[in-house]
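The values are calculated or read from the model by the stated rules, or taken from the named source; none is laboratory data. Remember, it's a predicted structure, so these values are computed and weren't measured experimentally. We place every Cβ from the backbone using ideal geometry, glycine too, and count neighbours over all the protein chains shown. SASA here: full protein model, heavy atoms, side chains in, ligands and nucleic acids out. Shrake-Rupley method; radii C 1.70, N 1.55, O 1.52, S 1.80 Å.
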Amino acid sequence: MVQPAAASPLIAPSLLASDFTRLGEEVAAVERAGADWLHLDVMDGHFVPNITFGPPLIGSLRRHCRLPFDVHLMIAPADPYLEAFAEAGADHMLVHPEAGPHLHRSLQTIRALGCKPGVVLNPATPIDVLDYVIDLVEIVLVMSVNPGFGGQHFIAGQLDKIGAIREMIARGGRSIRLAVDGGVTFANAADIVAAGADVLIAGSAVFGADDYAAAIARLRGVAK
Ligand code: DX5
Ligand code: ZN
């Protein structure tokens, strides 16, 4: 009997690796190239040791791109800014449990703002942080590098965690996206999807390529 092919993962290019002098063109280019989501890394120089951009820039890009905006908030606190990111055009808002004392409240707020709530787990964060919030969550994001910078090496120990979260999601019976962020390459994408991920966040692997469409198609094809 022929085994059914595993579903293709969604591909979310991470803007962090794009050419910041041409942001409007870059987001339009990955949309044309077949990206599923646009991943936007918001960093505050406090929760992570780097600073990127905030709601005004996201609001400007919203006019150049129809892809769902997957906004990864590496800021602490996050709660005071959720409304501004929703107004700027975020579709998904993902928070780290370490960014504030009330993860459940943050997720409720994101949902009340009409966005999809997500939780991001740092490499050292155990999965039981999800136990009592999973019913509120639409996306779980596993960091496979320490957050703050693009172009780092994938931490292979996160594959076990991806598998454990996939089992947790299956037990719960709700469809929740499981994304992986950091060091995703053509060489490791198949293993990441085999472990249970269904969204690949890719900065350097897409924006570092000469042909964005070919890079996205190659990442998407790993499960076939
Ligand atoms: C790191 C960011 C990632 C980063 C991924 O803190 O959350 O989204 O842009 O970049 P690559 O794919 O180059 O590791
Ligand atoms: Zn990210």
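Figure note: 212, 81 ranked by solvent-accessible area, largest first, 1.4 Å probe, ligands and nucleic acids not counted: 81, 212. In sequence order, region 168-175 has phi-based couplings of 4, 5, 4, 4, x, x, 9, 7 Hz under the Karplus curve 6.51 cos²θ - 1.76 cosθ + 1.60, θ = phi - 60°, and Gly or Pro positions carry x. Structure remark: mean-square fluctuation, Gaussian network model of the chain, C-alpha springs under 10 Å; the largest value among 193, 129, 180 belongs to 129. Computed from backbone phi with θ = phi - 60° and the Karplus coefficients 6.51, -1.76 and 1.60, the 3J(HN,Hα) list for region 123-135 is x, 8, 7, x, 7, 5, 4, 7, 3, 9, 10, 4, 5 Hz; x is used for glycine and proline.
FRET efficiency for residue 191 and residue 62, Cβ-Cβ distance as r, R0 = 45 Å, nearest 0.05? Here the calculated transfer efficiency is 0.85. For the chain, what percent of Cα pairs sit more than 22 Å apart? Summing the P(r) of the chain above 22 Å gives 47 percent of all pairs. For region 51-79 and region 142-169, what is the centre-to-centre distance using only Cα atoms, to the nearest Å? Cα centres, region 51-79 to region 142-169: 22 Å.
Kindly work out what percent of the DSSP beta bridges joining two residues of region 1-160 are antiparallel, to the nearest 5. Working shown, then result.
On the way: 1 of 20 bridges.
Roughly 5 percent of the DSSP beta bridges within region 1-160 come out antiparallel.
Taking the Cβ-Cβ separation of residue 170 and residue 211 as r and a Förster radius of 45 Å, what is the calculated FRET efficiency to the nearest 0.05? Display every interim value, and only then the final one.
Details: r = 36 Å, r/R0 = 0.80.
That pair, residue 170 with residue 211, gives E of 0.80.
Result for the chain in a Gaussian network model with C-alpha springs under 10 Å: among 211, 91, 70, the largest mean-square fluctuation is at 211. Looking at the chain, the accessible area is 45 square angstrom per residue; that uses a 1.4 Å probe and ignores ligands, DNA and RNA.
Given R₀ = 41 Å, what would the calculated FRET efficiency be for residue 129 paired with residue 25, taking r from the Cβ atoms and rounding to 0.05? Here the calculated transfer efficiency is 0.60.
Judged by the mean number of other Cβ atoms found within 10 Å, the most tightly packed of the peptides 143-151, 155-163 leads the ranking 143-151, 155-163.
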